[in-house]
Amino acid sequence: MNVVIKNKNAIGAGLLAFLSLLAIPVTPALATTITFDVNNVSATTWEYNYTVINDTLSSSLEEFTVFFDPGLYKNLSVATSPTGWDPLAIQPDAALPDDGFYDALALSGGIAPADAVGGFTVQFDFLGAGKPSSQRFDVVDPVTFTTRDSGITQRVSAVPLPAAAGLFLSGLSVFTGFLSRCRAEL
């Protein structure tokens with residue numbers, strides 16, 4: 001298919017339309033964020049240190065649960081917890097099979113919207129190869145036990161390229177190809 005531009009103003013209009021898209025603010029997808037650092041304590045013993053960020057909920061985050069796969073984790077124990085939180089570690093059970101979990105319940109207040117609390121530390125034996133990685137989590141309403149939010153924990157040191165940047169670069173390359181093709185036709 002050949003693109004023939006009879007009017008050079010079309011190139012300018014196309015460029016203007018593309019640049020106007022850049023002016024549209026991009027709002028990141030909102031989801032509760034739980035970040036972690038993972039440290040090797042000894043041989044197969046490791047610990048996760050979590051920070052919970054309430055960047056989704058319009059009310060306080062009062063309880064969350066992080067899940068531990070029975071094929072990868074055993075001997076879960078609470079190492080530390082911030083003041084005002086009641087933590088609980090339940091062992092994974094390969095015989096069922098059922099995930100273990102670390103659950104933390106706020107004794108009062110919780111994590112206010114746009115606030116963060118760190119210092120939730122869980123120690124465990126890791127049965128996998130390499131370094132332990134991300135896990136599933138749920139944010140729970142402590143009264144109704146319904147799931148308010150869920151996601152995957154994120155390693156603090158891992159900084160992913162935002163999706164908007166990838167989309168921008170893709171659009172820019174398509175537009176550049178369009179412009180070079182238009183110039184060839186002129």
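Given a cut-off of 26 Å, what percent of all Cα-Cα pairs of the range 33-155 lie beyond it? The partial results should precede the final answer.
Working: 1238 of 7503 pairs.
Looking at the range 33-155, the distances longer than 26 Å represent 17 percent of pairs.
Taking neighbour Cβ counts within 10 Å as the exposure measure, how do Ser58, Ser133 sort from fewest upward? Before the final figure, lay out each step's value.
Values: Ser58 6, Ser133 13.
So the residues, fewest neighbours to most, are Ser58, Ser133.
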Treat the count of other C-beta atoms within 10 Å as a stand-in for reagent exposure and order Thr44, Thr33 from fewest to most. Thr44, Thr33
Contact order relative to length for the range 33-155, counting C-alpha pairs under 8 Å separated by 6 or more residues, stands in percent at 34 percent
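Rule-based calculations on the coordinates, nothing more; no lab input. Small disclaimer: the values here were computed from a predicted structure and weren't measured. Positions of Cβ are backbone-derived with ideal geometry, glycine not excepted, and every protein chain shown enters the neighbour counts.
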